[in-house]
1. Please report, ordered by residue number, the strands (runs of 3 or more DSSP E) entirely within segment 184-239 with at least 3 residues that are closer than 16 Å to THR143 by Cβ.
2. Which of (1) assigned by the TED database to the domain that holds ASP200; (2) in contact with a helix residue (DSSP H, G or I) (Cβ under 7 Å, 6 or more places away or on another chain) is the odd one out, the single condition ALA137 does not satisfy?
3. Among all residue pairs at least 6 apart or on different chains, which show Cβ distances below 8 Å where the first residue, located in segment 20-34, is near the ligand (Cβ under 8 Å from one of its atoms) and modelled with pLDDT of 95 or more and the second is polar (S, T, N, Q) and assigned to a helix (DSSP H, G or I)?
4. Which condition from (1) at pLDDT 95 or above; (2) in a loop (DSSP other than H, G, I, E, B) is the one that PRO167 breaks?
5. If I filter segment 1-15 down to residues being among the hydrophobic types (A, V, I, L, M, F, W, C) and not in a loop (DSSP other than H, G, I, E, B), which single residue comes out as surrounded by the fewest Cβ atoms within 10 Å (Cβ to Cβ)?
6. Looking at THR164 and the list (1) touching a helix residue (DSSP H, G or I) at 6+ places or on another chain (Cβ under 7 Å); (2) within 24 Å of VAL182 (Cα to Cα); (3) touching a residue at least 24 places away in the same chain (Cβ under 8 Å), which single condition is not satisfied?
7. Identify the residue in segment 63-89 that is of a type in the set (Asp, Glu) and over 19 Å from LYS7 (Cβ atoms) and, among all such residues, is farthest from the ligand (Cβ to nearest atom).
8. State which residue is farthest from the ligand (Cβ to nearest atom) when the search covers only segment 5-19 and only residues that are hydrophobic (A, V, I, L, M, F, W, C) and in contact with a strand residue (DSSP E or B) (Cβ under 7 Å, 6 or more places away or on another chain).
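The values are calculated or read from the model by the stated rules, or taken from the named source; none is laboratory data. In this text, all values refer to a predicted model and were calculated from it rather than measured experimentally. Methodologically, a virtual Cβ is constructed for each residue, glycine included, from the backbone with ideal geometry; neighbour enumeration extends over all protein chains shown.
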Amino acid sequence: MSADTQKKRAGEAAALRVEAGMTVGLGTGSTAAWFVKALAARNLADLRCVPTSEATAELARDLGLPLSTLEDSPRIDLTVDGADEVGPGLALIKGGGAALLREKLVWEASARCLVIADAAKVVKTLGAFALPIEVVAFGHKTTANRIADVLADHDIAMPARVRTASPQAASDRVASIGAQYVRTDGGNLIYDAKCGAIHDPARLADDLKLITGVVEHGLFLDLADEAIIGTDGGVDLLT
Ligand code: 5RP
(Lines give C-alpha, C1' and ligand atoms only; values in the text may rest on other atoms or scores of the structure.)
Protein backbone atom coordinates (compact mmCIF):
# COMPACT_ATOMS: atom_id res chain seq x y z
CA MET A 1 0.00 0.00 0.00
CA SER A 2 1.31 3.47 -0.85
CA ALA A 3 2.28 6.08 1.70
CA ASP A 4 -0.32 8.34 0.13
CA THR A 5 -3.11 5.86 0.91
CA GLN A 6 -1.90 5.75 4.52
CA LYS A 7 -1.87 9.56 4.63
CA LYS A 8 -5.43 9.62 3.26
CA ARG A 9 -6.59 7.17 5.94
CA ALA A 10 -5.04 9.28 8.69
CA GLY A 11 -6.51 12.50 7.28
CA GLU A 12 -9.97 11.03 6.95
CA ALA A 13 -9.89 9.59 10.48
CA ALA A 14 -8.84 13.00 11.84
CA ALA A 15 -11.69 14.76 10.04
CA LEU A 16 -14.13 12.65 12.08
CA ARG A 17 -12.76 14.30 15.25
CA VAL A 18 -14.05 17.71 14.20
CA GLU A 19 -17.42 18.88 15.47
CA ALA A 20 -19.74 21.61 14.23
CA GLY A 21 -18.95 25.04 15.65
CA MET A 22 -15.24 24.31 16.21
CA THR A 23 -12.33 26.56 15.38
CA VAL A 24 -9.89 24.27 13.58
CA GLY A 25 -6.21 24.73 12.75
CA LEU A 26 -5.43 23.39 9.29
CA GLY A 27 -1.93 21.98 8.87
CA THR A 28 0.27 22.03 5.80
CA GLY A 29 1.53 19.27 3.53
CA SER A 30 0.15 16.29 1.63
CA THR A 31 -1.29 14.53 4.70
CA ALA A 32 -2.92 17.70 5.98
CA ALA A 33 -4.39 18.18 2.50
CA TRP A 34 -6.23 14.85 2.84
CA PHE A 35 -7.59 16.08 6.17
CA VAL A 36 -8.73 19.39 4.65
CA LYS A 37 -10.51 17.57 1.81
CA ALA A 38 -12.23 15.14 4.21
CA LEU A 39 -13.22 18.01 6.50
CA ALA A 40 -14.75 19.97 3.63
CA ALA A 41 -16.69 16.87 2.56
CA ARG A 42 -18.32 16.68 6.01
CA ASN A 43 -19.95 20.08 5.47
CA LEU A 44 -20.11 20.85 9.21
CA ALA A 45 -21.94 23.98 10.37
CA ASP A 46 -20.25 27.03 11.90
CA LEU A 47 -16.63 26.00 11.45
CA ARG A 48 -13.82 28.52 11.57
CA CYS A 49 -10.62 27.33 9.92
CA VAL A 50 -7.20 28.85 10.58
CA PRO A 51 -4.71 27.76 7.89
CA THR A 52 -0.99 27.38 8.63
CA SER A 53 0.18 28.38 5.14
CA GLU A 54 -0.90 30.20 2.00
CA ALA A 55 -1.02 26.83 0.21
CA THR A 56 -3.46 25.38 2.74
CA ALA A 57 -5.51 28.60 2.71
CA GLU A 58 -5.86 28.29 -1.05
CA LEU A 59 -6.93 24.63 -0.86
CA ALA A 60 -9.43 25.32 1.94
CA ARG A 61 -10.84 28.34 0.11
CA ASP A 62 -11.28 26.32 -3.09
CA LEU A 63 -13.17 23.66 -1.11
CA GLY A 64 -15.48 26.24 0.47
CA LEU A 65 -14.22 25.99 4.05
CA PRO A 66 -14.75 29.19 6.07
CA LEU A 67 -11.34 30.75 6.73
CA SER A 68 -10.22 32.80 9.67
CA THR A 69 -6.91 34.09 11.00
CA LEU A 70 -5.05 33.72 14.26
CA GLU A 71 -5.77 37.41 14.88
CA ASP A 72 -9.55 36.93 14.56
CA SER A 73 -9.61 33.44 16.12
CA PRO A 74 -6.86 33.35 18.73
CA ARG A 75 -8.27 30.30 20.53
CA ILE A 76 -8.29 27.16 18.41
CA ASP A 77 -10.16 24.05 19.54
CA LEU A 78 -8.28 21.48 17.48
CA THR A 79 -5.34 21.61 15.08
CA VAL A 80 -4.65 18.73 12.72
CA ASP A 81 -1.29 18.67 10.95
CA GLY A 82 1.27 16.35 9.43
CA ALA A 83 4.85 15.69 10.51
CA ASP A 84 8.13 14.61 8.98
CA GLU A 85 9.04 12.42 11.95
CA VAL A 86 7.05 11.20 14.94
CA GLY A 87 9.38 10.19 17.76
CA PRO A 88 8.95 8.85 21.29
CA GLY A 89 6.58 10.90 23.43
CA LEU A 90 5.13 12.41 20.25
CA ALA A 91 8.20 14.58 19.81
CA LEU A 92 8.14 15.72 16.19
CA ILE A 93 10.21 17.10 13.39
CA LYS A 94 8.15 19.40 11.18
CA GLY A 95 8.87 21.96 8.49
CA GLY A 96 9.48 19.81 5.44
CA GLY A 97 6.94 22.04 3.73
CA ALA A 98 8.60 25.23 5.07
CA ALA A 99 5.51 26.18 7.10
CA LEU A 100 6.93 25.47 10.56
CA LEU A 101 6.64 29.00 11.97
CA ARG A 102 2.95 29.49 11.21
CA GLU A 103 2.34 25.87 12.16
CA LYS A 104 3.93 26.33 15.57
CA LEU A 105 2.03 29.57 16.18
CA VAL A 106 -1.26 27.83 15.40
CA TRP A 107 -0.35 24.70 17.42
CA GLU A 108 0.53 26.77 20.46
CA ALA A 109 -2.84 28.54 20.25
CA SER A 110 -4.69 25.20 20.17
CA ALA A 111 -6.42 23.39 23.01
CA ARG A 112 -5.65 20.09 21.28
CA CYS A 113 -3.18 19.08 18.55
CA LEU A 114 -3.54 15.95 16.47
CA VAL A 115 -0.70 14.70 14.28
CA ILE A 116 -1.50 12.68 11.18
CA ALA A 117 1.12 10.71 9.29
CA ASP A 118 1.91 7.60 7.29
CA ALA A 119 3.58 4.71 9.09
CA ALA A 120 7.09 5.46 7.79
CA LYS A 121 7.15 8.71 9.78
CA VAL A 122 7.25 6.90 13.11
CA VAL A 123 10.86 6.68 14.36
CA LYS A 124 12.68 5.57 17.49
CA THR A 125 15.08 8.53 17.42
CA LEU A 126 14.48 11.91 15.77
CA GLY A 127 17.02 13.17 13.26
CA ALA A 128 17.16 11.02 10.13
CA PHE A 129 14.98 13.67 8.48
CA ALA A 130 16.98 16.90 8.19
CA LEU A 131 15.79 19.37 10.82
CA PRO A 132 14.36 22.54 9.21
CA ILE A 133 15.41 25.83 10.81
CA GLU A 134 13.78 29.10 9.73
CA VAL A 135 16.29 31.94 9.51
CA VAL A 136 15.98 35.67 8.77
CA ALA A 137 17.50 36.41 5.34
CA PHE A 138 19.54 39.36 6.62
CA GLY A 139 22.94 38.03 7.64
CA HIS A 140 21.85 34.44 7.16
CA LYS A 141 25.36 33.12 6.49
CA THR A 142 26.50 34.51 9.83
CA THR A 143 23.49 32.90 11.47
CA ALA A 144 24.36 29.63 9.71
CA ASN A 145 27.83 29.72 11.29
CA ARG A 146 26.26 30.08 14.71
CA ILE A 147 23.87 27.22 13.95
CA ALA A 148 26.90 25.08 12.96
CA ASP A 149 28.50 25.86 16.34
CA VAL A 150 25.36 24.74 18.17
CA LEU A 151 25.11 21.59 16.06
CA ALA A 152 28.77 20.77 16.76
CA ASP A 153 28.04 21.16 20.46
CA HIS A 154 25.42 18.43 19.96
CA ASP A 155 27.93 16.16 18.16
CA ILE A 156 26.40 16.95 14.79
CA ALA A 157 29.28 17.55 12.42
CA MET A 158 27.42 18.50 9.25
CA PRO A 159 26.56 22.23 8.97
CA ALA A 160 22.97 23.07 8.02
CA ARG A 161 22.37 23.84 4.33
CA VAL A 162 20.16 26.58 2.98
CA ARG A 163 17.15 25.13 1.16
CA THR A 164 16.90 25.99 -2.51
CA ALA A 165 14.20 25.45 -5.08
CA SER A 166 16.79 23.51 -7.04
CA PRO A 167 16.63 19.73 -6.70
CA GLN A 168 20.43 19.79 -6.39
CA ALA A 169 22.07 19.99 -3.00
CA ALA A 170 22.15 23.54 -1.71
CA SER A 171 25.56 25.11 -1.65
CA ASP A 172 27.07 28.54 -2.06
CA ARG A 173 28.23 27.53 -5.51
CA VAL A 174 24.77 26.41 -6.62
CA ALA A 175 23.18 29.51 -5.11
CA SER A 176 25.68 31.79 -6.82
CA ILE A 177 24.86 30.31 -10.22
CA GLY A 178 21.21 31.04 -9.86
CA ALA A 179 19.32 28.50 -7.73
CA GLN A 180 16.58 30.29 -5.83
CA TYR A 181 16.49 30.13 -2.08
CA VAL A 182 13.18 28.80 -0.82
CA ARG A 183 11.27 31.57 0.98
CA THR A 184 8.71 30.84 3.67
CA ASP A 185 5.31 32.55 3.73
CA GLY A 186 6.96 35.03 6.11
CA GLY A 187 9.78 35.75 3.64
CA ASN A 188 12.47 33.93 5.62
CA LEU A 189 14.93 31.21 4.56
CA ILE A 190 15.04 27.57 5.62
CA TYR A 191 18.25 25.83 6.65
CA ASP A 192 18.11 22.03 6.84
CA ALA A 193 20.33 20.33 9.41
CA LYS A 194 21.21 16.69 8.75
CA CYS A 195 21.49 15.61 12.35
CA GLY A 196 21.50 11.84 11.95
CA ALA A 197 20.33 11.33 15.51
CA ILE A 198 19.13 14.00 17.94
CA HIS A 199 19.97 12.65 21.37
CA ASP A 200 18.66 15.60 23.41
CA PRO A 201 15.88 17.30 21.42
CA ALA A 202 14.89 19.64 24.28
CA ARG A 203 18.43 20.99 24.72
CA LEU A 204 18.90 21.37 20.95
CA ALA A 205 15.56 23.21 20.72
CA ASP A 206 16.60 25.61 23.49
CA ASP A 207 20.05 26.20 22.02
CA LEU A 208 18.74 26.94 18.53
CA LYS A 209 16.18 29.41 19.90
CA LEU A 210 18.96 31.41 21.54
CA ILE A 211 20.60 32.25 18.20
CA THR A 212 19.74 35.73 16.94
CA GLY A 213 18.51 35.31 13.38
CA VAL A 214 16.85 31.96 14.01
CA VAL A 215 13.14 32.58 13.83
CA GLU A 216 12.01 29.05 14.69
CA HIS A 217 13.01 25.41 14.32
CA GLY A 218 11.09 22.30 13.38
CA LEU A 219 11.32 20.50 16.72
CA PHE A 220 7.76 20.31 18.05
CA LEU A 221 8.13 19.02 21.61
CA ASP A 222 5.32 18.60 24.14
CA LEU A 223 2.81 20.00 21.67
CA ALA A 224 1.08 16.98 20.14
CA ASP A 225 -1.67 15.34 22.19
CA GLU A 226 -2.26 12.38 19.93
CA ALA A 227 -1.18 10.91 16.60
CA ILE A 228 -3.22 9.08 14.01
CA ILE A 229 -0.91 6.92 11.93
CA GLY A 230 -2.21 5.52 8.67
CA THR A 231 -1.19 1.89 8.16
CA ASP A 232 -1.86 -0.86 5.65
CA GLY A 233 -4.54 -2.26 7.96
CA GLY A 234 -6.26 0.98 8.97
CA VAL A 235 -5.05 3.53 11.51
CA ASP A 236 -3.06 3.33 14.74
CA LEU A 237 -3.51 5.81 17.58
CA LEU A 238 -0.47 7.02 19.54
CA THR A 239 -0.81 9.03 22.71
C1 5RP B 1 5.07 21.39 6.60
C2 5RP B 1 5.09 20.21 7.50
C3 5RP B 1 4.38 18.98 7.02
O4 5RP B 1 3.36 18.70 7.90
C5 5RP B 1 5.38 17.86 6.95
O6 5RP B 1 6.43 18.24 6.06
C7 5RP B 1 4.74 16.56 6.46
O8 5RP B 1 4.39 16.68 5.11
P9 5RP B 1 3.63 15.53 4.34
O10 5RP B 1 2.32 15.35 5.00
O11 5RP B 1 3.51 16.06 2.93
O12 5RP B 1 4.47 14.28 4.40
O13 5RP B 1 5.63 20.23 8.57
O14 5RP B 1 5.88 22.43 7.08
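1. Numbers: elements: 189-193, 214-217, 226-230, 235-238.
The strands (runs of 3 or more DSSP E) meeting that bar are 189-193, 214-217.
2. For ALA137, the failing item is (2).
3. GLY27/THR56; THR28/THR56; ALA32/THR56; ALA33/THR56
4. (1)
5. To start, the set of residues in segment 1-15 that are among the hydrophobic types (A, V, I, L, M, F, W, C) comprises 1, 3, 10, 13-15.
Restricting the remaining residues to those that are not in a loop (DSSP other than H, G, I, E, B) gives 3, 10, 13-15.
Working: ALA3: 15, ALA10: 32, ALA13: 21, ALA14: 27, ALA15: 21.
It comes out as ALA3.
6. With respect to (1) touching a helix residue (DSSP H, G or I) at 6+ places or on another chain (Cβ under 7 Å); (2) within 24 Å of VAL182 (Cα to Cα); (3) touching a residue at least 24 places away in the same chain (Cβ under 8 Å), THR164 is out only on (3).
7. At the first step, the residues of segment 63-89 found to be of a type in the set (Asp, Glu) are 71-72, 77, 81, 84-85.
Next, only the ones that are over 19 Å from LYS7 (Cβ atoms) stay: 71-72, 77.
Numbers: GLU71: 21, ASP72: 23, ASP77: 19 Å.
If we take residues in segment 63-89 being of a type in the set (Asp, Glu) and over 19 Å from LYS7 (Cβ atoms), then ASP72 is farthest from the ligand (Cβ to nearest atom).
8. We begin by selecting, within segment 5-19, every residue hydrophobic (A, V, I, L, M, F, W, C); these are 10, 13-16, 18.
Checking which are in contact with a strand residue (DSSP E or B) (Cβ under 7 Å, 6 or more places away or on another chain) leaves us with 10, 13-14, 18.
Numbers: ALA10: 9, ALA13: 14, ALA14: 12, VAL18: 18 Å.
So, considering only residues that are hydrophobic (A, V, I, L, M, F, W, C) and in contact with a strand residue (DSSP E or B) (Cβ under 7 Å, 6 or more places away or on another chain), the one farthest from the ligand (Cβ to nearest atom) is VAL18.
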